[in-house]
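To start, the structure under review is shown below, and the notes come after it.
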Amino acid sequence: MTDIFVFGTLRDLSLLEIVLGQLPERREGWLLGARTVCAAGHDFPISIPAAPSDRSPGLLLIGLSADDIARLDFYEYGFGYLRRTATVTCADGTLRQAQLYRPTDGALRPGGSWDLSAWQDRHGAVTRETALEAMSYFGSLTSAEMAALWPVMGARAQSRLAACTRPAPVRDDLPSRDAVVVERTDIPYNKFFRLEEHHLRFPHFDGGLSDPVSRVAFVAVDAVTVLPYDPVRDRVLLVDQFRIGPYVRGDAQPWTLEPIAGRVDGGETWEETVHREAREEAGLTMWHLERIGTYYPSPGAVTEYLASYVGLTDLPDDAVGLYGVDHEAEDIKTRIVGFDTLMAMTRDGRVQNGPLMISALWLAAERARLRTLPRPDT
């Protein structure tokens, strides 16, 4: 039996229960001469040496079994953490030898202050939801394989939470999702995207249940699009990039004109994603956002849910270039076209991207109003 001291996110009891599968015996404790700070560039903490009077608070998990340790190792090791021995001061003043997870030397740099309550408010829900999927792979994936999936698991978690917390208006004349009877779910592919094959029965409009059917869903995550518009110069910015969908379909030229777009990462709001993607894909800063709407672009087979925006910005002639994030293998070329040209492209078929078409038509309806909006700095 082993004692483990946790000083970071695993002090959240709901997260701890997800990782361990149960809540162990525990008591409050401290690492003396240490301080808990945020890891630079991340939302989780690290413990660093400090003055003798400082102390890093945490929970001492008492008498953990070999299976408990294996689950904790699975959760921590993939991110470069290893167990090390430390002396913990308990609330009653007694000292206990315990193990704790620390990153490998030099792997993380200290950042600003870190507070558990603030983390729970901002990141707790999406981390718990991500951990539910992560721990479902215990025994089937290695820690490193699980950790490699963490970003996309976080994005999937963000999508599931958004579906619950920002649902579409409920129609009283339709059954709820609870009326669907799921007999089995298979996952034949699980990487950046994943496939889910659901064997189920769903309610018919006449009140009965369907025969058993198999439905396959391509599990994508929530994403945003933003069409940059300069209301003074009356022009928009578009992006060109290679897309696998048109290529696999057999399109002779599988590069598509699109608005700026990107997935919503775990813990991000739609608006935060818009601003991040505008910087990454076009080097732009938006001074005003207008949400066009939210929608499923292809609900017959794809879970992706889009929030589309028009963003007001400055688009001088030199606002074009080559962009993209290297680790995502993006190769993006931006181009600027006038509003009248955009509408001509929408009519003659040069625009073949659904969100761009929706955004262009929305802009046509709202353009006069947008051109009267004052800039915040004027």
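The values are calculated or read from the model by the stated rules, or taken from the named source; none is laboratory data. Just so we're clear, the structure is a prediction, and the values are computed from it rather than from any experiment. Cβ: placed from backbone, ideal geometry, glycine included. Neighbour counts: every protein chain shown. Each accessible area value is taken on the protein alone, full model and side chains, heavy atoms only, with ligands, DNA and RNA left out. Shrake-Rupley method; radii C 1.70, N 1.55, O 1.52, S 1.80 Å.
Using the Karplus curve 6.51 cos²θ - 1.76 cosθ + 1.60 with θ = phi - 60°, what ³J(HN,Hα) values do you get for each residue of segment 369-376, in whole Hz, with x for Gly and Pro?
Karplus values, whole Hz, x for Gly and Pro: 5, 4, 6, 9, 6, x, 5, x.
Using a/c under 1.5 as the rounded threshold, could you call segment 242-378 rounded, prolate or oblate? The axes a ≥ b ≥ c are square roots of the C-alpha gyration tensor eigenvalues, and prolate needs a/b larger than b/c, oblate otherwise. Don't jump to the answer; show the numbers that get you there.
Values: a/c = 1.35, a/b = 1.24, b/c = 1.09.
Rounded shape, in that the Cα axes give a/c under 1.5.
Please arrange CYS164, CYS90 by accessible surface area, largest first, computed with a 1.4 Å probe and ligands excluded. Provide the component values of the computation, followed by the final result.
Details: CYS164 105, CYS90 5 Å².
Sorted descending by solvent-accessible area, the residues read CYS164, CYS90.
Please determine, in degrees from 0 to 90 and to the nearest 10, the orientation of helix 143-165 with respect to the longest principal axis defined by the Cα atoms of the chain, where the helix direction is its Cα long axis.
Compared with the principal axis, the helix lies near 60 degrees.
With the crude spin-label approximation of a point 7 Å out along Cα→Cβ, what separation in nm comes out for SER117 versus ASP234?
5.5
If a/c stays under 1.5 just call it rounded; otherwise compare a/b with b/c (prolate if a/b is bigger, oblate if not). Do that for segment 63-161, with a ≥ b ≥ c from the square roots of the Cα gyration tensor eigenvalues.
Numbers: a/c = 1.72, a/b = 1.35, b/c = 1.27.
It comes out prolate by the Cα gyration axes.
Show the residues, 5+ positions off or on another chain, whose built amide H is closer than 5 Å to the amide H of GLN352.
LEU257
Residues with amide H under 5 Å of GLY266's amide H, sequence separation 5 or more or different chain, H placed in the peptide plane at 1.01 Å from N; which?
Here ALA155 satisfy the definition.
Which angle between 0 and 90 degrees, to the nearest 10, do you get for helix 66-77 versus the longest principal axis of the chain when only C-alpha atoms count?
Its long axis makes an angle of about 40 degrees.
With r as the distance between the Cβ atoms of GLU272 and VAL248 and R0 = 41 Å, compute the FRET efficiency 1/(1 + (r/R0)^6) and round to 0.05.
0.85
Roughly what percent of Cα-Cα pairs across segment 308-378 reach past 14 Å?
Numbers: 1765 of 2485 pairs.
The share of Cα pairs beyond 14 Å in segment 308-378 comes to 71 percent.
In whole Hz, with x marking every Gly and Pro, tabulate ³J(HN,Hα) for segment 48-53 from phi via Karplus 6.51 cos²θ - 1.76 cosθ + 1.60, θ = phi - 60°.
Computed from phi, the couplings for segment 48-53 are 10, x, 8, 5, x, 7 Hz.
Amide H of ARG35: which non-local residues (sequence gap of 5 or more, or other chain) have their own amide H closer than 5 Å, using H built in the peptide plane?
ILE48, ALA50
Using C-alpha positions alone, give me the convex hull volume of segment 1-147 per residue in cubic angstrom.
Numbers: hull volume 16.0 nm³, N = 147.
Considering the Cα atoms of segment 1-147, their hull volume per residue is 109 Å³.
How large are Rg and Dmax for segment 105-231 when only the alpha carbon atoms are used, in Å?
Computed over the Cα atoms of segment 105-231, radius of gyration and Dmax are 19.4, 64 Å.
By DSSP, what percent of the beta bridges with both residues in segment 55-184 are antiparallel, rounded to the nearest 5?
Around 90 percent antiparallel, to the nearest 5.
Output ³J(HN,Hα) for segment 98-113: one whole-Hz value per residue in order, computed from phi by the Karplus curve 6.51 cos²θ - 1.76 cosθ + 1.60 with θ = phi - 60°, and x for Gly and Pro.
The phi angles translate into 9, 10, 9, 8, 10, x, 4, 3, x, 6, 10, 9, x, x, x, 5 Hz.
Label segment 182-241 by shape, choosing from rounded, prolate and oblate, from the square roots a ≥ b ≥ c of the eigenvalues of the Cα gyration tensor; if a/c is under 1.5 it is rounded, and otherwise prolate applies when a/b is larger than b/c, oblate when it is not.
Working: a/c = 5.88, a/b = 2.19, b/c = 2.69.
Oblate.
Have a look at the DSSP beta bridges in segment 180-320 and tell me what percent are antiparallel, nearest 5. Display every interim value, and only then the final one.
Working: 32 of 40 bridges.
The antiparallel fraction comes to roughly 80 percent.
How much length is gained on full extension from ALA365 to GLU197, taking 0.36 nm per residue of separation minus their Cα-Cα distance? Show your work: numbers first, answer last.
Values: separation 168, 0.36 × 168 = 60.48 nm, distance 4.06 nm.
Gain on extension, ALA365 to GLU197, equals 56.4 nm.
Can you match Rg/Rh (Cα atoms, Kirkwood Rh) to one of these, (1) 1.04; (2) 1.12; (3) 0.99, based on a calculation from the structure here?
It is the value labelled (1).
Find which of ALA368, MET343, HIS327 sits farthest along the positive direction of the dipole of segment 327-374, computed with +1 on the beta-carbon of Lys and Arg, -1 on that of Asp and Glu, about the Cα centre.
ALA368
On a 0 to 90 degree scale, rounded to 10, what angle separates helix 270-282 from the longest Cα axis of the chain?
On a 0 to 90 degree scale, this one is about 70.
Using a cut-off of under 11 Å, list every residue of segment 292-309 whose amide N is near the label point 7 Å from the Cα of ALA163 along the Cα-to-beta-carbon line.
Those under the cut-off are 302-305.
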